[in-house]
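One structure is given here, and the rest of the page talks about it.
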Amino acid sequence: MKIFHCNVRVRYAETDRMGYVYYGNYATYFEVARVEALRELGVTYKSLEDQGVLLPVRHFSIEYKRPAHYDDLLNIQTSIQLQSPTSLLFHYSTYRLDEMLNTAQTTLVFVDAASGRPMRCPDDIRFLMEAVNH
């Protein structure tokens, strides 16, 4: 399984009064990581949307192990797999140097923009997922 790497530097505005990264900001960090992982595979959200394919998040879960702080350089490691004919599963592990801070998952569903209904994963993306996971 291919692991994609994305670095994010914690900005001051992303921390709370305790000096920790506010928990809601991780959803944004993971969005950046998954967009960059797909881009590395040659797929962009813009190209999908131009084809009438949307990828909304259906599920998000996270387990916090240690907090991140202002100016930490986070490395988000992401893997992607086809979860079903209509959805992708993203796994994330966030590190500061060699220290794991959290693990998370998001499930995104392929949706036809015209009808608003779930659709099968486009063949080109299905082939990419098969190639990176073998």
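General remarks:
- Residue, nearest to residue 15 (Cα to Cα), within the stretch 44-53, restricted to residues that are in contact (Cβ under 8 Å) with a residue 40 or more places away in the chain and surrounded by fewer than 17 Cβ atoms within 10 Å (Cβ to Cβ): 49
- Whenever a residue of the stretch 112-134 is without any contact (Cβ under 8 Å) to a residue 40 or more places away in the chain, its partners that are part of a helix (DSSP H, G or I) and among the basic types (Lys, Arg), lying with C-beta atoms within less than 9 angstrom and at least six residues away or across chains, give the pairs 120/126.
- Members of the stretch 3-61 found to be closer than 24 Å to residue 124 by Cβ, basic (Lys, Arg) and assigned to a loop (DSSP other than H, G, I, E, B), listed by number: none
- Just one of the listed residues (73, 108, 54, 97) is of a type in the set (A, V, I, L, M), out of contact with any Pro (no Cβ under 9 Å at 6 or more places or on another chain) and more than 30 Å from residue 17 (Cα to Cα), and it is 54.
- Inspection of the stretch 103-121 identifies no residue that is of a type in the set (Asp, Glu) and either surrounded by 16 or more Cβ atoms within 10 Å (Cβ to Cβ) or modelled with pLDDT under 95 (or both).
- In the stretch 1-17, the qualifying residues are those that are surrounded by fewer than 12 Cβ atoms within 10 Å (Cβ to Cβ) and free of Cβ contacts under 8 Å to residues at least 40 places away in the same chain, and the one that is farthest from residue 129 (Cα to Cα) is 17.
- The set of residues in the stretch 24-54 being touching a Lys or Arg at 6+ places or on another chain (Cβ under 9 Å) and within 15 Å of residue 108 (Cα to Cα) consists of 37, 45.
- Restricting the stretch 41-96 to residues that are over 11 Å from the mean Cα position of the chain (by Cα), of a type in the set (Phe, Trp, Tyr) and at pLDDT 95 or above, the residue that is farthest from residue 7 (Cα to Cα): 64
- Any chance residue 38 is in contact (Cβ under 8 Å) with a residue 12 or more places away in the chain, under 28 Å from residue 119 (Cβ atoms) and surrounded by 12 or more Cβ atoms within 10 Å (Cβ to Cβ): yes
The values are calculated or read from the model by the stated rules, or taken from the named source; none is laboratory data. Computed from a predicted structure; not experimentally measured. When we count neighbours, we look across all protein chains shown, and the Cβ atoms used for this are built from the backbone with ideal geometry, even at glycine.
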